[in-house]
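Laboratory data are not the source of any read-out in this text; all were calculated from the coordinates shown. Remember, it's a predicted structure, so these values are computed and weren't measured experimentally. In this analysis, Cβ positions are derived from the backbone assuming ideal geometry, glycine residues included, and neighbour counts consider all displayed protein chains.
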Amino acid sequence: MRFDRRRFLTTSSLALAGTAFARVPWAQPAQTPAPPVTTFTDIRRNVGFFTGQGGTIGWLASAAGAVAVDAQFPATAKACVEGLQQRSPKGIEMLINTHYHGDHTGGNATFRPAVKRIVQQERCAKLHRETTEKAGTAAQQAYADVMFGESWSQDVGDEKMWGYFYGPGHTGGDAVIVFERANVVHMGDLMFNRLHPRIDGPSGASIRNWITILERVAKRHTDATFIFGHGKPGQPVTGPAKELLYLRDYFTAALQFVQKGIGAKQPKEEIAKATELPGFADYAASGTALTLAGVLNAAYDELTR
Ligand SMILES: [Zn+2]
């Protein structure tokens, strides 16, 4: 109590000092950029999603413990860890990564001391290790201690979790994570909502198999709520199975568009100059990584491989 009061007094004096010397540089806020806004949103049955910076995090937080699916970057991972610990006093049982990209694994080291285990599909684990060792950032990573091939399952309290590998899609190793009883499916970056998706060719991505994955997962979990890795600003990062089929149709259109160009002997650069994919004008670009040209180039490579 005494400690609290002292802290209160100190804070009050500082606040007063801040007012009195408002022109003193150190008393002025807003010199450093504001930290990203983070939000926890419930879906149902102790399962929800967290947004901050990077790929959407899925979570389970019950009396039996918490689970996080993906880790974003260190700053927002910290907010996620703290929020999950508050919601689940028993602590965080595990962190699962949907794939190796930095905006999904960058916060792993922040989760590390707070979680019992990190789970990854084995191709994701291999890509995570190889790419970060090559980039010289291995010391800032936390790697998996549980790996799986085709599928994985674990009970956490009264929830049953599954991980499935359907072959190459967005990368060479993407897992679909299912909260069975809540009927919530985390797609990782196998789902971009109205954003031109990134196709990570060098890691072994495949548009054709990505189409198959979207179809299979939509059919297997017809009435589930899906968590999407990313969405265009203003678009939700969760939605029903029909959104998966919409992305499937986008990819089908992209492959057809490029195939038509190849048939007409158009060079790759010419085909990739298109500013809009016919029928899918609602898809937006973001930075240099998520563009229609990126998708069309990847489609060209895959069709001429
Ligand atoms: Zn990704």
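Tabulated values for the structure
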| read-out | value |
| --- | --- |
| Cβ crowding within 10 Å averaged over residues, with 133-140, 101-108, 120-127 ranked highest first | 101-108, 120-127, 133-140 |
| Kirkwood Rh and Cα Rg combined as Rg/Rh, the chain | 1.05 |
| Alpha-carbon Rg with Dmax, taken over the range 139-231, Å | 13.8, 42 |
| Mean separation of Cα contacts under 8 Å, 6 or more apart, over the residue count of the range 193-305: relative contact order % | 37 |
| Calculated FRET value between Met147 and Asp282, using beta carbons and R₀ = 51 Å, to 0.05 | 0.85 |
| Under the Karplus curve 6.51 cos²θ - 1.76 cosθ + 1.60, θ = phi - 60°, whole-Hz ³J(HN,Hα) for the range 93-106, x wherever Gly or Pro sits | 5, 6, 10, 10, 9, 6, 6, 7, 4, x, 7, 10, 10, x |
| Spatially close lysines, pair count over the chain: Cα under 20 Å, gap of eight or more or interchain | 12 |
| Normalised alpha carbon radius of gyration of the range 159-200 [divisor 2.2 N^0.38 Å] | 1.26 |
